[in-house]
Amino acid sequence: MPQSLAVRRTQDALTLTRVREIVDQLAERDHRGEILTAVHHIPARDAKFAPMPEWVRAELAGAYAEKGISQLYTHQAAAAEIARQGRNVVVITPTASGKTLCYNLPVLNAVLANPDTRALYLFPTKALAQDQLAELHDLGQRLDNRFGVFTYDGDTPADARKAIRERGHIVLTNPDMLHTGILPHHTRWQRLFENLQYIVLDELHTYRGVFGSHLANVLRRLRRIARFYGSDPQFICSSATIANPGELASRLAETSFEVVEENGAPAGEKFFIFYNPPVVNRFLGIRRSYINESSRVAQEFLKRNLQTIVFANSRLYTEVLLTYLQQANPAPPGQPQAIRGYRGGYLPGERREIEHGLREGRIRGVVSTNALELGIDVGSLDATIMAGYAGTIASTWQRAGRAGRRSGSSCAVLVASSAPLDQFIVQHPDYFFGRSPEHAFVQPDNLEILVNHLKCAAFELPIAAGESFGEVNLPELCDRLAEAGFLHRTGEHWHWTQEAYPADTVSLRSVTSDNFVIVDITEAAEVIGEVDFSSALTAVHPKAIYLHQGQQFHVEALNFEERKAYVKRVDVDYYTDAIRYTQVRVLETAQSDRIQAAGVEARAVRSHGDVLVRSQVIGFKKIKFFTNENVGDGKLELPENEMHTTAFWLTLERPLVESLPFSLSDRQSGMFGLLHALESIATLLLMCDGRDLGTAIGERPPSPGSEIEWEEPPDLESVTALAEKEFFEPNLYLYDAYPGGIGFSEPLFRAHQLLLAKTRELIAACPCDNGCPSCVGPVGGRGERAKEAALEILFRLGA
């Protein structure tokens, strides 16, 4: 046996012993069986191989053989064969399963056979593109540099761009650069578009919600330009495990796909632990700080010399955890720090140095935001600690997959926060470890998004009367844009008439381009960030505390005319939480159905459709860090904001409301608490962020679209009294927090039984007595029987 292999097996055995030691130690501390809610053992898995296909050119097979790859995993062979036959394919396998070969093999084979062939690789981040560049450069050198491969992003030097356009067989870029830097200048990229045979979409599951809806329109523009130059590229996609990869790929690219799901890659043994910090106040449902507990768990691995990555969900907590771990593991005098941080905002060179240090083993621990979640190569780590749930099951598995890779034992620990979603996941491990229930949704025909991309398309090429662009009436839209002065009709074509360059004003991460710029005026005025209009009202209102890269800023002024927020650096021990008063009017009901409970009508109705949301920020609370105490408040007078969007809502009819055996206060608290929990579970089912959904309770209107009286927003002192106001037949709304809707309301309508059942499980499993932030919301803002009332309503709804 070669010594290196013997050494590696000895190290694997040692790692396994240490991992088991830590698992046993954590279990010993859990006297009541409440902290470790799951210790899931995933046995090692052997590889399933397939021979290198006969159609692969000898020189390419030789280059891979030099890298130690003489045969393929079964999923690689299946995906490469589908791609070679000219069909679109999406590959769904875990982290470190060799997905990149699925697209590199057919693409490079085609380029070597015909040097005119071109391919465009799209990655969600610049770091991923850089990682793939290194892999392709290595293959290129083994093939005597017979193909050109380049990244094209904001960091690409101006003098290199012409060479990339001429000689780049494979261009690696990201959706933002494609949107602003390539499509509007397609005439300079004529050679690429004339010969474009492949489009590769990596990390497909990240393209959902607003970002995915924008990307679908960017791809419409890309295919439109490709057709103009006479090419019809095929798609090769890769994704983490989600429930609907084929459907998502089809919605994004508007063409059919074949799905490859069987994973042939080997995997080392893994322990996956759910760690729920102990309850310190059962009445209030308060648990020990999950940040402190994550630090303690990480330290158990680090002191046993196990290379560890810690994921935090914000830049602030990344820096806090890094401070804790560096203090616990000081570097010897004259030695570099062995525990490092990694997040956006670090310089590219610094990030590359950290990646190299991890691969070489010099860096023993790293604390990261989601920047290291996707497939950047950092070698084979021993442990992953996640400080808080990543937001989706797919992301959590990707983070867990950063440890272990293809061989050797590893451990992943999810340390739950008190957030409802975290608590649901750790209290229901079967839901997490079973088949992925997560569906990714996009809404490419959201009118705000589509119109912005239609402007970009018109700038790129005149729009012909017979063209299609999504499921909309294109001539009518173009006529509207012509009336607004953006287009001019000549014969059967509409032409762009403005001097402005439309792609520059369209962000792929927000629905509208109406954004506020945040200006730091502590010393010299400096732009430090940007927020969209609706977020500005809650995040950068006057007197707000705005957090940026761990630094606190006090908002001095919000200028609506200039769309600027002026801030100054401060050091305070609280943050602010805006108080928003929201009313909803139903404009049109798309579908409505009575809810059945055990085969009997539940005196409740579920619906989805178009709504008008009117909201106004009327004040704010000051919340102390870590203790979450309310240490003050303030009044605000900001303009009302109206938004036409889509919503899902439950109507509780009068007989159901009257039958609830609670006081008016507890009944109302139960409804607000139920809505709080419904929102948490909805974000889980929709793979979206909590900011993507809004909630409100309102009176059931006599009929959709009927004129209801908008109420005057209350005084700040009256906000608490709103919970006392009795609704005759309340509507509980979950609405899309974006103008025009982003496609969430209909899936919620279809999945209402699952939504209600999982909401009941979340509330019932919570160990608190009367309600807490982990289930129905903070007890201070709810009646004493809010939790009980919410469960009773769910029981009446058949959950």
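So if I check each of 392, 369, which one is open to solvent by less than 10 Å² (accessible area, probe 1.4 Å), at pLDDT 85 or above and among the polar types (S, T, N, Q)?
Values: 369 fails: open to solvent by less than 10 Å² (accessible area, probe 1.4 Å).
Checking each option against the conditions leaves just 392.
Taken over region 80-109, the criterion of being buried (at least 19 other Cβ atoms within 10 Å of the Cβ) and under 19 Å from residue 54 (Cβ atoms) is satisfied by 80, 82, 83, 101, 102, 104, 105, 106, 107, 108, 109. For region 201-237, a residue qualifies if it is in contact with a Ser or Thr (Cβ under 8 Å, 6 or more places away or on another chain) and closer than 18 Å to residue 103 by Cβ, and the qualifying residues are 201, 202, 203, 204, 205, 235.
At pLDDT 90 or above and either of a type in the set (Phe, Trp, Tyr) or assigned to a loop (DSSP other than H, G, I, E, B) (or both): does that describe residue 33? Steps first, answer last, please.
Values: at pLDDT 90 or above: no; either of a type in the set (Phe, Trp, Tyr) or assigned to a loop (DSSP other than H, G, I, E, B) (or both): yes.
In short, no.
For residue 760, all conditions in the list (1) touching a residue at least 60 places away in the same chain (Cβ under 8 Å); (2) out of contact with any Phe, Trp or Tyr (no Cβ under 6 Å at 6 or more places or on another chain) hold save one; what is the number of the exception? Here residue 760 clears every test but (1). Checked against the criterion of being among the aliphatic types (A, V, I, L, M), open to solvent by less than 10 Å² (accessible area, probe 1.4 Å) and touching a helix residue (DSSP H, G or I) at 6+ places or on another chain (Cβ under 8 Å), the candidates 383, 400 yield just one match: 383. Among the residues of region 760-774, write down those that are aliphatic (A, V, I, L, M) and open to solvent by 40 Å² or more (accessible area, probe 1.4 Å). 764, the sole residue that qualifies. Can you confirm whether residue 295 is over 26 Å from residue 15 (Cβ atoms), hydroxyl-bearing (Ser, Thr, Tyr) and open to solvent by 10 Å² or more (accessible area, probe 1.4 Å)? In short, no.
Conditions tested, residue by residue: (1) modelled with pLDDT under 90; (2) surrounded by fewer than 17 Cβ atoms within 10 Å (Cβ to Cβ); (3) in contact with a Lys or Arg (Cβ under 9 Å, 6 or more places away or on another chain); (4) not hydrophobic (A, V, I, L, M, F, W, C).
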{"site": "526", "(1), (2), (3), (4)": "yes, yes, no, yes"}
{"site": "533", "(1), (2), (3), (4)": "yes, no, yes, no"}
{"site": "537", "(1), (2), (3), (4)": "yes, no, yes, no"}
{"site": "542", "(1), (2), (3), (4)": "no, yes, no, yes"}
{"site": "546", "(1), (2), (3), (4)": "yes, no, no, yes"}
{"site": "556", "(1), (2), (3), (4)": "no, yes, yes, yes"}
{"site": "565", "(1), (2), (3), (4)": "no, no, no, no"}
{"site": "571", "(1), (2), (3), (4)": "yes, yes, no, yes"}
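Any idea which of 144, 138, 131 is more than 18 Å from residue 182 (Cβ to Cβ), open to solvent by 10 Å² or more (accessible area, probe 1.4 Å), free of Cβ contacts under 8 Å to residues at least 60 places away in the same chain and not basic (Lys, Arg)? Before you say what the answer is, go through the steps one by one.
Values: 138 fails: free of Cβ contacts under 8 Å to residues at least 60 places away in the same chain; 131 fails: free of Cβ contacts under 8 Å to residues at least 60 places away in the same chain.
Within the list 144, 138, 131, the selection yields 144.
Remark: residue 412 falls outside the filter, which requires a residue to be over 30 Å from residue 740 (Cα atoms), modelled with pLDDT under 90 and open to solvent by less than 10 Å² (accessible area, probe 1.4 Å). Checking region 465-480 against the condition returns a match, with at least one residue being in contact with a Lys or Arg (Cβ under 8 Å, 6 or more places away or on another chain), at positive phi and open to solvent by less than 50 Å² (accessible area, probe 1.4 Å). Among all positions in region 742-759, there is at least one residue which is surrounded by 20 or more Cβ atoms within 10 Å (Cβ to Cβ) and over 27 Å from residue 426 (Cα atoms). Taking the criterion of being among the charged types (D, E, K, R) and within 30 Å of residue 84 (Cα to Cα), the residues of region 14-67 that qualify are 45, 46, 48, 54, 57, 59, 66, 67.
Tell me, which residue of region 576-620 that is basic (Lys, Arg) and in contact with a Ser or Thr (Cβ under 9 Å, 6 or more places away or on another chain) is farthest from residue 642 (Cα to Cα)?
In the first step, residues of region 576-620 are kept if they are basic (Lys, Arg); the result is 580, 585, 594, 603, 606, 614.
Of the ones still in play, those that are also in contact with a Ser or Thr (Cβ under 9 Å, 6 or more places away or on another chain) are 580, 585, 603, 606, 614.
On the way: 580: 13, 585: 11, 603: 31, 606: 24, 614: 4 Å.
Residue satisfying both the conditions and the ranking: 603.
Of all the residues that make up region 418-446, how many are among the aliphatic types (A, V, I, L, M), in contact with a strand residue (DSSP E or B) (Cβ under 9 Å, 6 or more places away or on another chain) and in a helix (DSSP H, G or I)?
Here is the first cut: in region 418-446, the residues among the aliphatic types (A, V, I, L, M) are 419, 421, 425-426, 440, 442.
Subsequent filtering for residues that are in contact with a strand residue (DSSP E or B) (Cβ under 9 Å, 6 or more places away or on another chain) retains 425-426, 440.
When the remaining residues are screened for being in a helix (DSSP H, G or I), the result is 425-426.
Count: 2.
If you check residue 602 against the conditions, is it at pLDDT below 90, in contact with a strand residue (DSSP E or B) (Cβ under 7 Å, 6 or more places away or on another chain), under 30 Å from residue 656 (Cα atoms) and open to solvent by less than 40 Å² (accessible area, probe 1.4 Å)? It would help to see each step written out before you state the result.
On the way: at pLDDT below 90: yes; in contact with a strand residue (DSSP E or B) (Cβ under 7 Å, 6 or more places away or on another chain): yes; under 30 Å from residue 656 (Cα atoms): yes; open to solvent by less than 40 Å² (accessible area, probe 1.4 Å): yes.
When the stated conditions are applied, residue 602 passes them.
Here is a yes/no grid of residues against (1) farther than 21 Å from residue 84 by Cα; (2) at pLDDT 95 or above; (3) touching a strand residue (DSSP E or B) at 6+ places or on another chain (Cβ under 8 Å):
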position	(1), (2), (3)
103	no, yes, yes
107	no, yes, yes
119	no, yes, yes
122	no, yes, yes
131	yes, no, no
137	yes, no, yes
146	no, no, no
154	yes, no, no
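Which residues, counting only those in region 118-145, are touching a Ser or Thr at 6+ places or on another chain (Cβ under 6 Å) and under 19 Å from residue 353 (Cα atoms)? Give the steps one after another, and end with the answer.
Here is the first cut: in region 118-145, the residues touching a Ser or Thr at 6+ places or on another chain (Cβ under 6 Å) are 124, 129, 133.
The answer is 129, 133.
In this structure, does residue 445 turn out to be within 30 Å of residue 753 (Cα to Cα) and under 34 Å from the mean Cα position of the chain (by Cα)?
Details: within 30 Å of residue 753 (Cα to Cα): yes; under 34 Å from the mean Cα position of the chain (by Cα): yes.
Yes; evaluated as a whole, the condition is true for this residue.
Can you tell me how many residues in region 452-464 are open to solvent by 10 Å² or more (accessible area, probe 1.4 Å), at pLDDT 95 or above and in a helix (DSSP H, G or I)? Total meeting the criteria: 3. The residues of region 267-284 that are touching a strand residue (DSSP E or B) at 6+ places or on another chain (Cβ under 7 Å), at pLDDT below 90 and closer than 16 Å to residue 767 by Cβ, listed by number, are 278, 279, 280. When 63, 77, 50, 38 are screened for being within 21 Å of residue 141 (Cα to Cα), in contact (Cβ under 8 Å) with a residue 24 or more places away in the chain and open to solvent by less than 50 Å² (accessible area, probe 1.4 Å), only 63 passes.
Scanning region 233-282 for residues that are closer than 26 Å to residue 423 by Cβ and without any contact (Cβ under 8 Å) to a residue 40 or more places away in the chain, we see that the one that is least open to solvent (accessible area, probe 1.4 Å) is 281.
The values are calculated or read from the model by the stated rules, or taken from the named source; none is laboratory data. The model shown is predicted, which means the values in this text are computed figures rather than measured ones. Virtual Cβ from ideal backbone geometry, glycine too; neighbours counted across all protein chains shown. All accessible areas refer to the heavy atoms of the entire protein, side chains included, with ligands and DNA or RNA removed. Shrake-Rupley method; radii C 1.70, N 1.55, O 1.52, S 1.80 Å.
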